[in-house]
Every structure is written in structure tokens, then in C-alpha cells.
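**Student:** Before I ask anything, let me first share the structure, which is written out below as C-alpha cells.
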Amino acid sequence: MSFSTHFTHAITRRPAASITKGLRAVDIGTPDLGLMQAHHDAYIATLRETGATVIELPPLDAYPDSVFVEDTALCLPQGAIIMRPGAPSRLGEAAEMAPHLRALYGQVLEITGPESFVEGGDILVTEREILVGRSARTNAAGIAELARLTAPLGHKLREVHTPPGVLHFKTDCSLLDAETVLSTTRLSASGCFQGYRLIDIPDSEEAAANTIRFNDLVLMPQGFPKTRDRLLAAGYDIREIGNSECAKLDGGMSCLSLRFTPK
Ligand code: GLY
């Protein structure tokens, strides 16, 4: 069973009323809390459909982006590492997550800074390595500190680049199974996925690149028929989840959970 796609647990956090003030690269409208909550409920029900335990944390109104829990930690089979988000308004979210991971994991480490910043959305864990995209949120010092923490846990880390203007590395890619990555061509053109089987995102569906493989299912955002058909043809068991409200804040399937098997 692949540790990078199969998990016993997930942690999510309910969206707060302050989600209307969430960070966004371009303002394409104010997210509707009720609709976002309905999409969030469907997302959690789908994770549970696989038999996993899903912990739902309460909303944190002080942190408008706190529904995007993935950015607060890196969860590996050997332990968890608390991140240091590069967005100043999100820095405090990591400390809010730490006690929940300490309750589940024997080993919890943390990025301490002060100059290091890493957000979980820039980290893709595969069976053979951890890829970390340098971005506006994740800097070289953060990647170096993360590499020092992951090496004793037995993981090789490789620095890659998040495309300019793209929020996170995983905004543009997802791991579909131990060997296969779904990616936009603007990202894969860098050569960063050499050695992996690659499925390209069809033209004009870049916003579908952020999916998650969670146990036997692939959760993908609704509204991308060419990507859906490509994944179905490749044999994946797909569930389409509404993402219109999170997309207004540059969020997607991976951003909404931490996925792990605690030890
Ligand atoms: N709105 C998600 C983020 O910018 O972190």
C-alpha cells in the first residue's frame, strides 16, 4: 500500500464567516459561505466513503484562509512537521494545527524560522521523494530547513519551482498513484517530473490540476469534463466535488485536508 496515496486519517477545518476576506490573486467574486460549506460537506463525506477517519476542526474566524489546512503541516508516515506559512495573515494557522497533530503523532517537528517559510501546498510527497516548489510563499531557507528535518526521517527532498503567477506547486499538479502525476504542461515543461508517468491537463482546464488521490478515489473539482474523461480513461475512480467558492480564493482539493496515517 502506497504511503503517498493511502491514509487512515484526514483533518479538515470548517470554513469561517471571515472566508470572504480570504487571500486571492485576482478578485473574481466573494465566496458564498453557505455554498462553500455544502461543498466542504461533500468533500468530507467522500473522504469518509473510503473508510478513513475524518476530523473536522471548528472554524477559526481570526484566520480567513484557515479552511485550507494543508498549508499548516507536512504529514509523513514517520512524523508530522509544522509549517511556517509565507503569507503573514496565515502564519498563526500553523500553531492552531500543532496540538491536533501532537495528539495523533509520536513525533511532531516544526519549521522554526525566523527567515524560513514553507506552505504545505508547495509540497508533493511521492513514494520516492519529496518535491518542494519554491514560490512566493515558500523560500530557499524554508526548503533548506525542511530538508534538514526530513532527512533523518528517511526522505529525500528535491527543490523544484512553482510556475510564476501560480500560488502553490500543487496548484498545478497532483499525485495519482505511486508512479503517476497529473500536471499542467506549463509546470511539467520544466522537466521536474522526469521518471514519473505523466498525465497532461488538457488545454484550458489548468484549474483541474489540483486533485487528490485518497485511498481508492481521486477527488477532482467539478466542471472539467476533458480532465475527468482523461482520468476515467486511465482507470481512476473519480468523484467530482464542487469547488467554485474555494476557487475564488485559489484553493482546491488538496488545500482542504491533511491526509495521513499517524504513528
Ligand atoms: N487563499 C489561499 C491562500 O492564498 O493561501
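Readers should treat all values here as calculations from the given coordinates under stated rules, not as data from a laboratory. Note that the structure is a prediction, hence the values are computed from the model and not measured. We place every Cβ from the backbone using ideal geometry, glycine too, and count neighbours over all the protein chains shown.
**Student:** Quick one, what does Rg over Rh come out to for the chain if you take C-alpha atoms and the Kirkwood Rh?
**Tutor:** Result for the chain is an Rg/Rh of 0.92.
**Student:** Return the single residue from VAL118, VAL69, VAL160 with maximal mean-square fluctuation; model: Gaussian network over the chain, springs between Cα atoms under 10 Å.
**Tutor:** Looking only at VAL118, VAL69, VAL160, the largest GNM fluctuation is found for VAL160.
**Student:** Where does the charge balance sit around VAL108 when Lys and Arg score +1, Asp and Glu -1, over other residues with C-beta under 12 Å from its C-beta?
**Tutor:** Neighbour charge sum, excluding VAL108 itself: +1.
**Student:** Still on this structure, I have one more. How would you classify segment 127-263 from its alpha-carbon gyration tensor, with a ≥ b ≥ c the square roots of the eigenvalues: rounded for a/c under 1.5, else prolate if a/b is greater than b/c, otherwise oblate?
**Tutor:** prolate
**Student:** As I understand it, the dipole of the chain uses +1 on the Cβ of Lys and Arg and -1 on the Cβ of Asp and Glu, about the Cα centre. Which of ALA98, ILE11, PRO85 lies farthest toward its positive end?
**Tutor:** ALA98
**Student:** Something else about it: Any idea how far apart THR30 and ARG197 come out in nm if each label point goes 7 Å out from Cα toward Cβ?
**Tutor:** Calculated label separation equals 4.7 nm.
**Student:** Just going by the charge dipole of the chain, with Lys and Arg at +1 and Asp and Glu at -1 on Cβ, which of ILE130, HIS155, LEU258 is farthest out on the positive end?
**Tutor:** Towards the positive end, the residue furthest out is HIS155.
**Student:** Taking 0.36 nm per residue of sequence separation and subtracting the Cα-Cα distance, how much length would be gained by fully extending the chain between THR53 and LEU232, in nm to one decimal?
**Tutor:** 61.8 nm
**Student:** Need one word for segment 4-123: rounded, prolate or oblate. Basis is the Cα gyration tensor (sqrt eigenvalues a ≥ b ≥ c); a/c below 1.5 gives rounded, then a/b vs b/c decides.
**Tutor:** oblate
**Student:** So for the chain: antiparallel DSSP bridges make up what percent, rounded to the nearest 5?
**Tutor:** DSSP beta bridges in the chain are roughly 45 percent antiparallel.
**Student:** How far is it, in nm, from the label point at GLN107 to the one at ARG158 when both lie 7 Å from their Cα along the line to the Cβ?
**Tutor:** 2.3 nm
**Student:** Ok, one more. Let me spell out the model: positive unit charges on the Cβ of Lys and Arg, negative unit charges on the Cβ of Asp and Glu, origin at the Cα centre of segment 29-176. What dipole size does that give, in debye rounded to 20?
**Tutor:** In total the dipole reaches around 500 debye.
**Student:** Please report the antiparallel percentage of the DSSP beta bridges confined to segment 92-211, to the nearest 5.
**Tutor:** 45 percent
**Student:** So for HIS100, HIS168, fewest C-beta neighbours within 10 Å to most, what's the order?
**Tutor:** So the ranking, lowest neighbour count to highest, is HIS100, HIS168.
**Student:** If you don't mind, another one. Using the Kirkwood formula over every pair of different C-alpha atoms, what hydrodynamic radius in Å results for segment 88-185?
**Tutor:** Kirkwood hydrodynamic radius for segment 88-185: 14.4 Å.
**Student:** Straight-line reach from LYS170: which aspartates and glutamates have a Cα under 13 Å away, not including same-chain ones fewer than 8 places off?
**Tutor:** Once the sequence-local aspartates and glutamates are set aside, what remains near LYS170 is GLU70, ASP71, GLU119, ASP122, GLU206, ASP250.
**Student:** Still on this structure: When the Kirkwood hydrodynamic radius is evaluated over all pairs of different C-alpha atoms of segment 35-100, what value in angstrom, to one decimal, is obtained?
**Tutor:** 13.2 Å
**Student:** I want to verify a result. In a Gaussian network model of the chain, Cα cutoff 10 Å, which of these has the top mean-square fluctuation: LEU232, LEU198, LEU146?
**Tutor:** LEU232
**Student:** Right, something else. Quick one: which residues, 5+ away or cross-chain, put their amide H under 5 Å from the amide H of GLY223? H built at 1.01 Å from N.
**Tutor:** none
**Student:** While we're on this one: Order by neighbour count: ILE82, ILE201, fewest other Cβ atoms within 10 Å first, most last.
**Tutor:** ILE82, ILE201
**Student:** Ok, one more. Which value, in debye to the nearest 20, describes the size of the charge dipole of segment 42-115 about its Cα centre when Lys and Arg Cβ atoms bear +1, Asp and Glu Cβ atoms bear -1, and nothing else is charged?
**Tutor:** In total the dipole reaches around 200 debye.
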